[in-house]
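Right, one structure below, let's go through it.
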Amino acid sequence: MSRSIWCFEDVNLFSILCPHKLKEYEKDHFDGYKKGDFIYFPEEPSKSIYMVSKGKVKILSYNKDGEEVVKAILGKGEIFGEKAVLGEQKREDYAQACTSTTELCPMQLPDMYELMRQNERFGLSIYKLIGFRIKKMERRLEALLFKDVKTRLIDFIKELAEENGIKNNDQFIINHFYTQKDFADLIGTKRETVTRLFNELRQEGLLDYSRKEIRVSSSIVA
């Protein structure tokens, strides 16, 4: 996967999916949401695909005990609702804005199909991206069932390093947009536990971190 979340195998999804980024179109082209607003619910018709233009969106479901299960947290340039392309008739998950100002670029399914017909490389990239996303969610849900919290956190950091990390001597530098609450939601634990584990990993010399950057020892990624 490209180091830029806007690109997939040299196809700039953002520029193709969001061609109306001129000021005169901005008001009509973007949908705005506040933190906590739901973008769609399960059982709603799958008619659109969305790209995050500003803020963050989480994809979630609820288990039988009513507990929230966060499947993905997506930032600027990432798409969601993409299973509609595969023929999904109704949404299976919730999509919720998780920042105070969240802007989305929506695209109706017929328009997406037309773009895919016009641009073969783009269409292929969309299908590959869908497969990549499904496998990623499957691995995360499997980890929730069979791995302890520390291992889940290390695996998630390793995944970030492999996808977006920049190699620098014996470290990988990861630029990210996740809060510690986001990390906790994605690995199925509490924020306090994530804080403790980050401190443990720092003391072990395996990583150093700040709000927007993580420096990971290459021994974790190996």
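For the range 195-221, backbone nitrogen atoms closer than 15 Å to the point 7 Å from Arg139 Cα along Cα-to-C-beta are found at 220-221. By the count of neighbouring beta-carbon atoms within 10 Å, fewest first, Met137, Met51, Met107 end up ordered Met137, Met107, Met51.
Taking other C-beta atoms within 10 angstrom as a stand-in for reagent exposure, Lys54, Lys71 fall in the order Lys54, Lys71, fewest first.
Residue exposure proxy: Lys35, Lys83, ordered by other Cβ atoms within 10 angstrom of their Cβ from fewest to most, comes out as Lys35, Lys83.
Which residues does a label at Glu159 reach in the range 182-222, if reach means a backbone N under 11 Å from a point 7 Å past the Cα toward the Cβ? Hits in the range 182-222 for Glu159 at 11 Å: 186-188.
Within the shell defined by Cβ-Cβ distances under 12 Å, the residues around Ser100 carry a net charge of +2, with Lys and Arg each +1 and Asp and Glu each -1. With the highest mean first, a sort of the peptides 184-190, 211-217 on other beta-carbon atoms found within 10 angstrom per residue produces 184-190, 211-217. Taking amide H positions as modeled 1.01 Å from N, with prolines and chain starts lacking one, the residues under 5 Å from Lys54 and 5 or more places away or on another chain are Glu103. Taking Arg196, Arg140, Arg91 in turn, the Gaussian network model of the chain (Cα-Cα springs below 10 Å) assigns the largest fluctuation to Arg196. Across the range 152-158, computed HN-Hα scalar couplings (Karplus, 6.51 cos²θ - 1.76 cosθ + 1.60, θ = phi - 60°) run 5, 5, 4, 4, 5, 5, 4 Hz from first to last residue, x flagging Gly and Pro. Label-to-label distance for Thr179 and Phe38 is 2.1 nm, based on points extended 7 Å past Cα in the beta-carbon direction.
Amide H to amide H distances under 5 Å link Glu44 with Arg91, where only residues 5 or more positions off or on other chains count and H is placed in the peptide plane. At q = 0.09, 0.10 Å⁻¹, what base-10 log of I(q)/I(0) does the Debye formula yield for the chain when every alpha carbon is treated as an equal point scatterer in vacuo? With one equal scatterer per Cα and no solvent, log10 I(q)/I(0) is -0.39, -0.48. Charges were assigned to the Cβ only: +1 to each Lys and Arg, -1 to each Asp and Glu. The resulting dipole of the chain about its Cα centre is roughly 380 debye. Residues whose amide H falls under 5 Å from that of Ala72, counting only those 5 or more places apart or on a different chain, are Ile59, with hydrogens built in the peptide plane.
Relative to the dominant Cα principal axis of the chain, helix 120-146 is inclined by about 40°. Residue by residue, the range 32-46 carries 3J(HN,Hα) couplings of x, 9, 9, 4, x, 5, 8, 8, 7, 10, x, 6, 6, x, 8 Hz when phi is fed to the Karplus relation 6.51 cos²θ - 1.76 cosθ + 1.60 (θ = phi - 60°); x denotes Gly or Pro.
Coordinate-derived values only; no laboratory data. As the structure is a prediction and not an experimental result, all values here were calculated from the model. FYI the Cβ positions are ideal-geometry reconstructions off the backbone, even for glycines, and counts take in every protein chain you see.
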